[in-house]
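In what follows, a structure is listed as structure tokens, so that the remarks can point back to it.
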Amino acid sequence: MNSNVHLIDHPLVQHKLTLMRRKDASTNTFRRLLNEISALMAYEVTRDMPMQEVEVETPLETMTAKVIDGKKLVFVSILRAGNGILEGMLSVVPGARVGHVGLYRDPKTLTAVEYYFKMPKDMEERDVVIVDPMLATGNSAIAAVERLKELNPKSVKFVCLLTCPEGIAALHKVHPDVPIYTAAIDRQLNDHGYILPGLGDAGDRIFGTQ
Ligand code: URA
């Protein structure tokens, strides 16, 4: 596998993902499982965050100990399904900043059209983690990465729950430097841009809008 793709195959993640795929999983169950998986994925995506040593006084002694270095991380949600990942990630990194990119898929061309873009200040001093449950055609991911790179962040990573070979190839053709973190690489895309076997429309399943 491409070394810039991190497959998070932890048993807890895989188990929860299987439960989410079931077509009869309720909105409540789907959302709760996505929260739980997102928290677990946050551990993986923050594994290489830079650390610095600080002095700390315990009740017994003074010691040097590690804390995370630098400006706060930014989670960037691709609306609207990306919001389903935010809460779980923020439960692990509560001080993170949050940006939003609004993109919708033109149903005919499947290309991404931007309608909203709001980021925190000082982006050039921050590491960015873009979140979207499904990396399918790659069009939204490519558009979001392109817009974010205009702000010169220190780094950009992409986290999804599910992807497919077509999605990885499309994103890495344009942005090979952006690592992809995913819980599964499914078989293929269908003609409507859905991942097979997949889990259906992630936004509809998170928000109960089917
Ligand atoms: N977006 C979804 O919600 N599901 C897919 O399978 C592909 C894109």
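The values are calculated or read from the model by the stated rules, or taken from the named source; none is laboratory data. Every value quoted in this text rests on a predicted model; they were computed, and no experiment measured them. For neighbour counting, all protein chains shown are included, and Cβ atoms are generated from backbone atoms with ideal geometry for every residue, glycine included. These accessible areas exclude ligands, DNA and RNA; they are computed on the full protein's heavy atoms, side chains included. Shrake-Rupley method; radii C 1.70, N 1.55, O 1.52, S 1.80 Å.
A simple packing score, the average count of other Cβ atoms within 10 Å per residue, orders the peptides 178-190, 107-119 as 178-190, 107-119, with the highest score first. Label positions at L196 and T18, each projected 7 Å from the Cα along the C-beta direction, are separated by 2.3 nm.
The amide H of L79, built 1.01 Å from its N in the peptide plane, has V101, G102, L103 as neighbours under 5 Å, considering only residues 5 or more places off or on other chains. In this structure, V5 and K118 have a Cβ-Cβ separation that, at R0 = 30 Å, corresponds to a calculated FRET efficiency of about 0.55.
Any idea what angle helix 165-174 forms with the longest principal axis of the chain, computed on alpha-carbon atoms, 0 to 90 degrees, nearest 10? Value to nearest ten degrees: 60. Report summary: the helix-based calculation at 222 nm, which adds -39500 (n - 2.57) for every DSSP H run with n ≥ 4 and divides by the residues of the chain, gives -9500 deg cm²/dmol. Per residue, the accessible area of the stretch 85-170 comes to 44 Å², computed with a 1.4 Å probe over protein heavy atoms only. Between the stretch 134-154 and the stretch 53-117, the C-alpha centres lie 15 angstrom from each other.
Placing +1 on the Cβ of every Lys and Arg and -1 on the Cβ of every Asp and Glu, with no other charges, gives the chain a dipole of roughly 660 debye about its Cα centre.
Note on the stretch 72-199: with neighbouring protein chains present and a 1.4 Å probe, carbon and sulfur make up 53 percent of its accessible heavy-atom surface.
Would you please give the FRET efficiency between T27 and E53, computed as 1/(1 + (r/R0)^6) with r the Cβ-Cβ distance and R0 = 45 Å, to the nearest 0.05? The pair T27/E53 has a calculated efficiency of 0.50.
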